[in-house]
1. Using only the alpha carbons of segment 111-244, determine the length spanned along each of the three principal axes and report them from longest to shortest in whole angstroms.
2. In deg cm²/dmol and to the nearest 500, what is the mean residue ellipticity at 222 nm of the chain if only DSSP H runs of at least 4 residues count, each as -39500 (n - 2.57), divided by the residue total?
3. Of all the accessible heavy-atom surface of the chain, with the other protein chains kept in place and a 1.4 Å probe, what percent is carbon and sulfur?
4. So what are the ³J(HN,Hα) numbers for segment 137-148, from phi and the Karplus equation (6.51, -1.76, 1.60; θ = phi - 60°), rounded to whole Hz, Gly and Pro as x?
5. Contact order normalised by length for segment 154-227, with contacts defined as Cα pairs under 8 Å and 6 or more residues apart; what percent is it?
6. Compute the accessible area per residue over the chain, keeping the other protein chains in place, probe 1.4 Å, unit Å².
7. Given q = 0.18 Å⁻¹, what are the Debye log10 I(q)/I(0) values for segment 85-170, with equal point scatterers placed on the Cα positions and solvent ignored?
8. Considering Cα pairs under 8 angstrom that are at least six residues apart, work out the relative contact order of the chain and quote it in whole percent.
Amino acid sequence: MIVEFIGCSGAGKTSLAKEVRRRSHASRRAILSVDLVHDRAGLRWMTDPSTINLAADVISFPSFVRAYGRDGAFVRFAFDRLRRYAPSTFAKYNYRLNIVRKVGVHELARRASDRRTVLVDEGVLLSAYQLFVYSDAPYGDVDLDRFARLVPMPDRVVYVRAPLDLLVERAIRRPDPRRELAGRSRNQVADRLARAVELFERLAAREPVRDRLLTVEITDDSPEGFEEGVHRVLAGTGIGAAETPPKQVRSIAFVGSEASGKSTILNEVEAWLGRDHQVRRIHAGKPPSTWVTFLPHVLLPAFRTLFPEQRLLRVEAKMEEDPPTRGSYPLLFAFRSVMLAYERRALILGALERSSRGTIVLSDRYPSGTGGAPDGPQLGHLPLPPGRRSARRVLTAVEGRLYRDIPAPDIVFHLSAPLEVTLARNAHRQKREPEGYVRLRHAISADLRFDGSVIHRIDTDRAFESVVIEIKDAIREAIDGSDPSPP
């Protein structure tokens, strides 16, 4: 079965598809269409979307040639409309290349769909964006009817809808905005997205699409709304029907400010879980270097000596006191932030992929979706320099992509305590942190976002035993659905 996700940019198509794939990872019942390209010997190292698209252009072209006899009428229709209405010569070439790739990947998916469900988040139906949205040329029901009649159709269509104001907000805060929206004002972005909303509403009403349609409403950025959307896709497509239980607990993250009790509680939970489960523990706050980052790590002490004002903690503290103007933050800080993103992704994906079935990965700290928060993206919320090309803009986009590759943990325990308590605890630690650093981390750890995770907020300013009991009960209930009982 082929399941294609359609909807406006920023609606959440890719996030939903990735989460559905993740929840069926053990059985491999569902894969992403990009896996048909990426999951090949010599190509698994690729992470940059542009590089993956280039590989897809090459790999999918023979499939495009095979499919042309069946889908040639659609290709000719799309090419003719782009010839007449593409907004630029570059767009005319680039969009045609997109059509060739999408038709070729659809053919790859068609051949794989008898064994597995293929989830497509950038498919042939979404080429309607290039044909009808990214120019001001008029289109009518006749054009949409012809498009729907000719386009290679998936077995199921998941239409992801979201309010226009949410789409605009997500588009504005994206660290790597789509080329067609980059540099535009909020009103211009809203106008372009409103045109896309109208298009997909009208396209969803076309008979070939309507007969295969599953609509998923994403009304806000809440984890609960995202979770409801995932369950609707799983149930509506039948992918989750054979999953027992629907969601296996594979990763548990403990997050919070300095001296909130993470390590002490983790020690207790690791020993308790280890009696009945395979457990793997990682520290996402301090990921080890990889073969890619080993040399920069070797040189880092020298850079810190030469440029002490660009140490990560000093820059964080300075930016909190005096937010940077457009592109004024140090390049060394940006480079170090990208290194950390790469190392965290390697650590977390490696722990999940190399662990045997049933293993629970416990993580001390974890990347959140809150810009500027500890262990999360550090660049996306900062003002970018003017112009399309700059080192800071490229590093910001790379960091954002790396963090988006990291799956959300199944359970998050957000530990907190009053500032005076964390300061007192820090004063009695063997390795004390500077008071200003503890105060800063306490402030920015208050609002951490983990989309797609079950979050438990735990106050640790009480008896240690009661904290541990509450955490164990939550884990036990998530693992086996049993009623909470004393450990």
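The values are calculated or read from the model by the stated rules, or taken from the named source; none is laboratory data. Since this is a predicted model, take the numbers as computed values, not measurements. All accessible areas refer to the heavy atoms of the entire protein, side chains included, with ligands and DNA or RNA removed. Shrake-Rupley method; radii C 1.70, N 1.55, O 1.52, S 1.80 Å.
1. Per principal axis, max minus min of the Cα coordinates gives 47, 38, 24 Å.
2. Helix contribution divided over all residues of the chain: -16000 deg cm²/dmol.
3. Working: 12330 of 23290 Å².
Solvent-exposed carbon and sulfur of the chain make up 53 percent of the total.
4. 5, x, 8, x, 4, 4, 5, 5, 4, 5, 4, 5
5. Working: 54 pairs, mean separation 40.5, N = 74.
Normalised by residue count, the contact order of segment 154-227 is 55 percent.
6. 48
7. Ignoring solvent entirely, the Cα scatterers give -0.97.
8. Details: 690 pairs, mean separation 82.6, N = 487.
Result for the chain is 17 percent.
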